[in-house]
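Here's the structure, in structure tokens; my notes come after.
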Amino acid sequence: MSLAASQLGDALDHIGVIVVALLAGAALLAPSTRGRAYAALGALVLTPILLVADIWDDPSLVSLRDHPPVAAGAVAAALVAVSALAWVLYRWPALLPLLAITALPFRIPISAGGETANLLVPLYLVIGAGVLATAIPRLRDEDDDAPFKPGWLEWLLCASVALYAVQTLYSDDFTKGLQNVVFFYVPFALLFGLLREVHWTQKLALQCLCKHNSLVDQVTSLHGSDGPQRTLRPGLLPDISISGIWSNESIFKGISRGRNVDTVFSQNRL
């Protein structure tokens, strides 16, 4: 009985990976606004379900398994945070790219599948809020042709996500493949769709560039000899670190001074 249940669970995980990849693609390619909204919301809901189902037996979740009120409280807190940020983004949509850039370098160590990884949790919060702020109003409005008809870039992106999802089915490490799908491929596909529909102006683009350069200056000022990752504001955010590439002072100083990106990276042998 337990073997049959395990096989059923594995089959559902495999199906879920394919479904969530297709939903992410539909969020970019669907011809109607409601179609994209339903697909984006479906991907947003299914992604954490797949992850939790895959790592439910992991020892790192023992406190949540043994204490359901704690798990319920964590879920409620996450929903409140995402909903509050979604309301902010609904009122001020231009904040989305600024918040995404601000959150991008921050990573929080999370244990999943027996390993500890530094994940883009703040960015996931922004993406989830952006999906809610965009999709829910569209479900209330009349259906219409979706803006930004997909071009070759959208089709190529969706094909890449779908192909990777298919490859996880016969991978030697399905759990790792699933985590890559739910941590990176699907969230960044959704983020691409959100940023594509932002009303970009010259002012907003310059604000994003200034925000990027400000973060680069903060990270490079913290760069020292103790390794490629540093904690930003250790007194305030003790568990949040910066990804290694943001700590490469010569790269980002070179780019911020207007040098050719390819030249800067080649000189740093990345």
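Summary table below
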| quantity | calculated |
| --- | --- |
| Pro105 vs. criteria closer than 18 Å to Phe192 by Cα, modelled with pLDDT under 85 and not acidic (Asp, Glu) | yes |
| Enumeration of residues in segment 140-177 that are touching a residue at least 12 places away in the same chain (Cβ under 8 Å), among the aromatic types (Phe, Trp, Tyr) and part of a helix (DSSP H, G or I) | Trp155, Tyr164, Phe174 |
| Residue count, segment 175-220 (criterion: touching a Leu at 6+ places or on another chain (Cβ under 7 Å), among the aromatic types (Phe, Trp, Tyr) and under 12 Å from Ala100 (Cβ atoms)) | 1 |
| Contacts under 8 angstrom Cβ, first residue in segment 63-76 being of a type in the set (S, T, N, Q), partner at pLDDT below 85 and in a helix (DSSP H, G or I), 6 or more apart | Ser63/Val70 |
| Residue match in segment 205-224 (condition: surrounded by fewer than 13 Cβ atoms within 10 Å (Cβ to Cβ) and at pLDDT below 50) | yes |
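The values are calculated or read from the model by the stated rules, or taken from the named source; none is laboratory data. Please read all numbers here as calculations on a predicted model, not as lab measurements. Please note: Cβ atoms are built from the backbone with ideal geometry, for glycine as well, and neighbour counts cover all protein chains shown.
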